[in-house]
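The structure appears below as structure tokens.
The values are calculated or read from the model by the stated rules, or taken from the named source; none is laboratory data. A quick note: this is a predicted structure, and the numbers were derived from the prediction, not measured. Reconstructed Cβ throughout: ideal geometry from the backbone, glycine too, with neighbour counts over all protein chains shown. Only protein heavy atoms, including side chains, enter the accessible area calculation; ligands, DNA and RNA are left aside. Shrake-Rupley method; radii C 1.70, N 1.55, O 1.52, S 1.80 Å.
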Amino acid sequence: MNNYSSESNLPDEDLLFDLAELFKIFGDSTRIKILFALLGQEHSVGELSEVLKMTQSAISHQLRILKANGLVKFRREGKSMIYSLSDDHVAKILNMGLEHIQE
């Protein structure tokens, strides 16, 4: 079974809703900065705070949103949580979006 309506070439309403929700997550410049900082490398909250010149509290709040939406993952290293992009799709979305606006 595919996820497209038989009457048209549109994805099912639930899929369209989920896609819109995903793009809302990318609609915040702080979250975009965090994702770009994690592009190709892992960082702790403290490191992200230094790189982005933001408070650890602000970074943590945004990381919770990104994690809840499957865009970042983490691993524990001692007492620290080390964050990275959840998969290659996130990097592709970032790079394609950047490429699109630079045309």
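Side notes on the structure shown:
- Once the stretch 77-92 is narrowed to residues that are assigned to a strand (DSSP E or B), modelled with pLDDT of 95 or more and not hydrophobic (A, V, I, L, M, F, W, C), the residue that is farthest from Q56 (Cα to Cα) is S84.
Here's the yes/no breakdown for (1) part of a helix (DSSP H, G or I); (2) open to solvent by 50 Å² or more (accessible area, probe 1.4 Å); (3) of a type in the set (K, R):
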position: N9; (1), (2), (3): no, yes, no
position: G40; (1), (2), (3): no, yes, no
position: M54; (1), (2), (3): no, no, no
position: S57; (1), (2), (3): yes, yes, no
position: R64; (1), (2), (3): yes, yes, yes
position: G70; (1), (2), (3): no, no, no
position: L98; (1), (2), (3): yes, yes, no
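- Residue check, E50 open to solvent by 80 Å² or more (accessible area, probe 1.4 Å) and assigned to a helix (DSSP H, G or I): yes
- Count of the stretch 13-38 residues which are in contact with a strand residue (DSSP E or B) (Cβ under 7 Å, 6 or more places away or on another chain) and in a loop (DSSP other than H, G, I, E, B): 1
- Among the residues making up the stretch 42-66, none is over 17 Å from G27 (Cβ atoms) and under 10 Å from the mean Cα position of the chain (by Cα).
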